[in-house]
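Visitor: Structure below; questions to follow.
The values are calculated or read from the model by the stated rules, or taken from the named source; none is laboratory data. Quantities reported herein were computed from a predicted structural model and do not represent experimental measurements. Positions of Cβ are backbone-derived with ideal geometry, glycine not excepted, and every protein chain shown enters the neighbour counts. Areas reflect the complete protein model, heavy atoms only, side chains present, ligands, DNA and RNA absent. Shrake-Rupley method; radii C 1.70, N 1.55, O 1.52, S 1.80 Å.
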Amino acid sequence: LGQRELPLRPDGFGEIQPTPFDLIDRRFAPATYLRSGGPLFESTVGPVPADVLARSTWQEACPVSAAELSYLTVSFRGFDGNSYIGEVIVNASVAGDIVGVFRVMFESGFPLEEVRVIAAPELEAAPTGDGNVTSAFVCRPVTGGSSWSQHAYGLAIDINPFHNPYVKRELVLPELATVYTDRALGLPGMVTEGDPVVAAFDAIGWGWGGRWTTLTDPQHFSANGR
């Protein structure tokens, strides 16, 4: 994973390719996590530690200050069924709500592959088309645009991106996740209408990209629905 660079398209994204056999029903245990968890849900909420901020995508040019962000540690269930502790940076105004969503995912047994902070070098890395990190704050523009993404405010989160790819006409992101564009597959890790994940975000008033019409983005939830 993350080792084979894809040829670039004229738009700068990687070449869209069929999903490799080993990724068709993707159920990998977490590659990185803070520590193993226990049988009960755990969480912490606080300011973003300096060392975490330094390895994140935050910089002075971002549309939120470091003081407006919170650092969460949360339990999540891996695809191996075990409990792990991951980390998320979010806007401080929604920290409690997002902890509640992670509690629902954990207690319902919804599996996540990785829950961690995105590092700045990842934004400039060549595409490999197989990323699957559940994350919230990422200081970047919207996909294919120049305005700030809701992720840059800490007001959006992506859940298992490989299992829930962004699709706009022929563009699929991650680029190797083409098999998961069939939303009827019902495989573990997929977010679908009526499941506990969507219900948890509905309960806090967040919008879901899986309901969009000009494009679909079932990994994506945001406070303002964009």
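Visitor: Would you check if there is a residue in the range 41-55 being surrounded by 10 or more Cβ atoms within 10 Å (Cβ to Cβ), among the hydroxyl-bearing types (Ser, Thr, Tyr) and touching a strand residue (DSSP E or B) at 6+ places or on another chain (Cβ under 9 Å)?
Guide: The answer is yes, given that some residue of the range 41-55 is surrounded by 10 or more Cβ atoms within 10 Å (Cβ to Cβ), among the hydroxyl-bearing types (Ser, Thr, Tyr) and touching a strand residue (DSSP E or B) at 6+ places or on another chain (Cβ under 9 Å).
Visitor: Do you know which residues across the range 43-59 are part of a loop (DSSP other than H, G, I, E, B) and in contact with a helix residue (DSSP H, G or I) (Cβ under 9 Å, 6 or more places away or on another chain)? Before the answer, list the steps.
Guide: Taking the range 43-59 as the starting set, the residues that turn out to be part of a loop (DSSP other than H, G, I, E, B) are 48-49, 55-59.
Hits for the range 43-59 are Val48, Arg55, Ser56, Thr57, Trp58, Gln59.
Visitor: Residues that are of a type outside the set (A, V, I, L, M) and under 14 Å from the mean Cα position of the chain (by Cα): list the strands (runs of 3 or more DSSP E) wholly contained in the range 62-163 that include at least 2 such residues. Before the answer, list the steps.
Guide: Working: elements: 69-77, 83-91, 156-158.
Qualifying strands (runs of 3 or more DSSP E): 83-91.
Visitor: Would it be correct to say that Asp158 is in contact (Cβ under 8 Å) with a residue 60 or more places away in the chain, out of contact with any helix residue (DSSP H, G or I) (no Cβ under 7 Å at 6 or more places or on another chain) and either among the charged types (D, E, K, R) or surrounded by fewer than 23 Cβ atoms within 10 Å (Cβ to Cβ) (or both)? It would help to see each step written out before you state the result.
Guide: Values: in contact (Cβ under 8 Å) with a residue 60 or more places away in the chain: yes; out of contact with any helix residue (DSSP H, G or I) (no Cβ under 7 Å at 6 or more places or on another chain): yes; either among the charged types (D, E, K, R) or surrounded by fewer than 23 Cβ atoms within 10 Å (Cβ to Cβ) (or both): yes.
Against the criterion (in contact (Cβ under 8 Å) with a residue 60 or more places away in the chain, out of contact with any helix residue (DSSP H, G or I) (no Cβ under 7 Å at 6 or more places or on another chain) and either among the charged types (D, E, K, R) or surrounded by fewer than 23 Cβ atoms within 10 Å (Cβ to Cβ) (or both)), Asp158 qualifies.
Visitor: Further question on the same structure: Pull out all pairs, ordered by first then second residue, where Cβ-Cβ is under 9 Å, the residues are six or more apart or on different chains, the first lies in the range 185-201 and is over 25 Å from Ala29 (Cβ atoms), and the second is assigned to a loop (DSSP other than H, G, I, E, B) and open to solvent by 60 Å² or more (accessible area, probe 1.4 Å).
Guide: So the pair list comes out as Glu193/Arg183.
Visitor: May I pose another question? Those residues that are open to solvent by 50 Å² or more (accessible area, probe 1.4 Å) and not in a loop (DSSP other than H, G, I, E, B), I need them from the range 1-40; list them, please.
Guide: Hits for the range 1-40 are Leu8, Phe21, Asp22, Arg35, Ser36.
Visitor: Could you check Ala136 against (1) small (Gly, Ala, Ser); (2) crowded, with 20+ Cβ neighbours inside 10 Å; (3) farther than 22 Å from Tyr166 by Cα; (4) touching a residue at least 40 places away in the same chain (Cβ under 8 Å) and say which number it fails?
Guide: Of the numbered conditions (1) small (Gly, Ala, Ser); (2) crowded, with 20+ Cβ neighbours inside 10 Å; (3) farther than 22 Å from Tyr166 by Cα; (4) touching a residue at least 40 places away in the same chain (Cβ under 8 Å), the odd one out for Ala136 is (3).
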